[in-house]
Every structure is written in C-alpha cells, then in structure tokens.
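Scroll down for the structure; my scribbles are underneath it.
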Amino acid sequence: MSVHVNLDDQALLTAVATKVDAARRLLREIADDFSPAAFASSLGAEDMVLTHLIVRDRLDIEIFSLDTGRLPVETYDLIARLQRHYGLKLRLYYPRHELLEAWTREHGINAFYESVELRKGCCHIRKVEPLQRALAGRKAWITGMRAQQSATREGLPIRSFDAGSGDRGLEKFNPLSAWSEREVWAYLKLNQVPYNALHDKFYPSIGCAPCTRPVTPGEDVRSGRWWWENPESKECGLHVRHA
C-alpha cells in the first residue's frame with residue numbers, strides 16, 4: 001500500500017540519497033559491463049523506482065514486463081501511463097497460447113486455488129516460461145526485490161549468479177535489496193513517480209488479479225499474494241534461490 005512518509009524527515013532523506021547514489025552507480029556498472037542487460041519490471045512500487053532511475057540516466061538497459069493475461073486493470077492503466085509520462089514503450093512478453101490452452105483444458109481456469117503444485121504450474125506458463133524467453137541472450141537481469149518483503153527473501157543479495165535463468169545462466173542484480181518500504185515511498189513521492197493505483201487501496205504487492213488481495217494494517221507486505229498458501233511457498237518460480 002502507499003506508505004505515509006514525512007518528507008521533512010532529514011534522516012530518511014539522507015538515507016534515501018545515499019541509497020540512490022549506490023543504486024545509480026550499480027545500474028551504470030550493469031549497463032556498461034553486462035550489456036545486453038534487462039530489467040524485469042513487475043510494475044510494483046520498487047520497480048517504479050528503478051524505472052525512474054534507468055530512464056532518468058538514459059541507461060542502455062531494456063525494461064520489460066510479463067503480461068500474464070490476468071493482470072488487474074490498474075496495472076494496464078499504469079503501463080499506459082508510463083508511456084505518457086516517460087515516452088516508455090514497455091516491452092511485454094505473453095504466455096504461449098498452446099501451453100495455456102492445454103493447461104486450462106486439463107485443470108480448469110482457476111485450478112491454481114486447488115494446490116501449490118497447480119498454482120506453480122500456472123505461474124510457470126504465465127510467468128516463468130515467458131521470462132526465459134525475455135532473458136535469452138542477456139548477460140544480466142535486474143529485479144526490484146527487497147530483502148524485507150517476505151520470509152522467502154531474507155538475506156537477498158544485491159548480486160548473485162542465477163544459474164537457472166536464460167540459456168546458460170546470467171548475473172542477477174537486486175539494487176533495492178537493502179531499501180526499506182519507507183525509503184521506496186519517499187523516493188516515489190520526492191520525484192513524483194507514477195505508481196499503481198492499487199497501492200492506495202491496501203495492495204502493497206500486486207500480481208495477477210485472482211491471486212492478489214488487499215491486506216490489513218500490520219500484515220506482511222506480501223500476505224495478499226496467494227493468501228491461501230503458507231508464507232514459505234509464496235514465490236512463483238521467477239526467483240529461485242541457489243545454494
């Protein structure tokens with residue numbers, strides 16, 4: 001959800017400025033040393049920070065997103081707004097129709113509610129396989145993940161080698177790993193960055209419409225994602241932690 005931040009809080013502003021400088025240096029390094037690189041935007045608040053930084057510094061980093069076919073209308077509205085605001089024609093990747101048709105024919109249109117296995121099967125077709133195509137031929141990819149978002153992301157490194165992505169594996173960067181939620185929202189507010197309208201309706205983390213709900217105060221920021229599952233299973237397969 002949109003977080004109230006005091007923009008007169010000098011400690012907060014100093015922390016944001018320091019982390020922005022570090023993120024800009026890292027993004028520049030990625031653009032210079034790991035071309036072709038791409039930023040996989042899930043169109044959440046963190047991703048809007050990275051979008052703004054990449055566009056602002058005119059970095060040679062392609063920004064893409066995965067259109068699963070079941071996104072909320074507010075997410076599509078944001079995609080259109082990004083084009084108006086930045087002149088950014090976001091590259092979208094879609095599920096392969098033959099895979100999706102076969103899966104829904106066998107399991108049903110909403111089978112993801114029935115088990116973690118079926119939900120991950122749906123995620124694989126709608127997200128993981130399109131991501132593999134999006135990352136083909138890349139040397140690095142970037143995400144907006146933060147370590148504080150959930151139990152599955154504790155200890156999230158800023159940089160790692162992702163052996164499971166692309167054709168042969170590639171470097172993976174999480175420039176906002178150490179950012180707090182307040183720092184993210186301070187940056188968005190300070191720079192008047194567009195963001196998903198659902199954040200103002202108690203949706204801190206936004207995915208597919210049937211798999212996302214609003215949260216109540218005090219709940220984990222990702223508790224609205226796949227809310228019928230245990231916290232330990234709440235990843236879709238895009239982000240695999242390698243030992």
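Worth a mention:
- Taking amide H atoms as placed 1.01 Å from N in the peptide plane, the amide H of ASP162 lies under 5 Å from those of LEU170, GLU171, LYS172, each 5 or more residues away in sequence or on another chain.
- Bridgeable aspartates and glutamates around LYS120 (alpha carbons under 17 Å apart, same-chain partners fewer than 8 residues away excluded): ASP67, GLU101, GLU106, GLU129, GLU229, GLU232, GLU235.
- Net charge over other residues, Cβ less than 9 angstrom from the Cβ of ALA197 (K, R count +1; D, E count -1): -2
- Environment charge at ARG159 (Cβ cut-off 12 Å; Lys +1, Arg +1, Asp -1, Glu -1): -3
- Other residues within the sphere of radius under 14 Å centred on the Cβ of LEU90, judged by their own Cβ, net out at 0 (K and R +1, D and E -1).
- Under 16 Å from the Cα of LYS172 - lysines, other chains or at least 8 residues apart: LYS139
- Expressed as a whole percent, the accessible surface of segment 1-142 that belongs to carbon and sulfur atoms is 49, based on a 1.4 Å probe.
- Per-residue packing, averaged as other Cβ atoms within 10 Å, sorts the ranges 86-93, 20-27 into the order 20-27, 86-93, beginning with the highest.
- For segment 83-150: accessible area per residue (Å², 1.4 Å): 54
- Each residue of segment 6-18 is assigned a 3J(HN,Hα), and the resulting list reads 8, 6, 9, 7, 5, 4, 5, 5, 5, 4, 5, 4, 5 Hz, derived from the Karplus form 6.51 cos²θ - 1.76 cosθ + 1.60 (θ = phi - 60°), x at Gly and Pro.
The values are calculated or read from the model by the stated rules, or taken from the named source; none is laboratory data. Here the structure is a predicted model, which means the values were calculated and not measured. Using ideal geometry, Cβ is built from the backbone for each residue, glycine included, and neighbour counts are taken over all protein chains shown. Ligands, DNA and RNA are stripped out before the accessible areas are found, and what is left, the full protein with its side chains, is counted by its heavy atoms. Shrake-Rupley method; radii C 1.70, N 1.55, O 1.52, S 1.80 Å.
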